[in-house]
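The structure appears right after this line, and notes come after that.
The values are calculated or read from the model by the stated rules, or taken from the named source; none is laboratory data. A quick note: this is a predicted structure, and the numbers were derived from the prediction, not measured. Backbone-built Cβ (ideal geometry, glycine too); neighbour counts: all protein chains shown.
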Amino acid sequence: MMDIHEILKKLPHRYPILLVDRVLEIEPGKRIKTLKNVTINEPFFTGHFPHRPVMPGVLMLEAMAQSAALLSFAAEGAEPDHKSVIYFAGIDGARFKRPVEPGDQLVMDVSLERSRAGIYKFKGVARVGEQVACEAELMCTMRTLP
């Protein structure tokens, strides 16, 4: 498990784009399970949509990518620094199956499918309870900044 204080040490993201509140389970090099508490106070709900607030699908993908980044750092046994950053390299097969609304807890299960030449490929599924909200294959790469 990892609380928000540990997550803040591992990810460069901050409010309003930090989308992982807690790591529930982690098997370095294999899988991670994370949690995002979705509240009405999220800044995107003001405009998406005022009459029926729904979490944007791209932010569900971003939450899974942040989970994948936490798994990547754990797999490498590395501590992130100001010169390391993980970027999206691709998204395949993204499907949105259920709206995510204020009050929901979004639980992300992300597993490392393969790692080759600095490119990581993950399978991610985000659920609310037992219902799948979003799933996708994510490709990310770790880069060192000059």
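What to note about this one:
- No other residue among Val54, Val58 is within 17 Å of the chain's Cα centre (by Cα) and aliphatic (A, V, I, L, M) apart from Val58.
- Meets criteria (surrounded by fewer than 19 Cβ atoms within 10 Å (Cβ to Cβ), under 30 Å from Thr144 (Cα atoms), under 16 Å from the mean Cα position of the chain (by Cα) and without any contact (Cβ under 8 Å) to a residue 12 or more places away in the chain) for Val125: no
- Any chance Ile40 is β-branched (Val, Ile, Thr) and either without any contact (Cβ under 8 Å) to a residue 60 or more places away in the chain or in a strand (DSSP E or B) (or both): no
- Scanning the stretch 1-18 for residues that are part of a loop (DSSP other than H, G, I, E, B) and of a type in the set (Asp, Glu) gives a single hit, Asp3.
- When Lys10 is tested against (1) under 14 Å from the mean Cα position of the chain (by Cα); (2) at pLDDT 95 or above, exactly one condition is not met: (2).
- Residue ID - surrounded by the fewest Cβ atoms within 10 Å (Cβ to Cβ), chosen from residues in the stretch 4-29 that are of a type outside the set (Val, Ile, Thr) and touching a strand residue (DSSP E or B) at 6+ places or on another chain (Cβ under 6 Å): Glu25
Conditions tested, residue by residue: (1) at pLDDT 95 or above; (2) part of a helix (DSSP H, G or I); (3) under 22 Å from Val100 (Cβ atoms); (4) touching a Pro at 6+ places or on another chain (Cβ under 9 Å).
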site	(1), (2), (3), (4)
Val20	yes, no, yes, no
Leu24	yes, no, yes, no
Gly29	no, no, no, no
Thr34	yes, no, yes, no
Arg52	yes, no, yes, yes
Met60	yes, yes, yes, no
Ala69	no, yes, yes, yes
Ala74	no, yes, no, yes
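- Strands (runs of 3 or more DSSP E) fully within the stretch 79-146 that include at least 1 residues being in contact with an Asp or Glu (Cβ under 6 Å, 6 or more places away or on another chain): 84-96, 119-128, 131-144.
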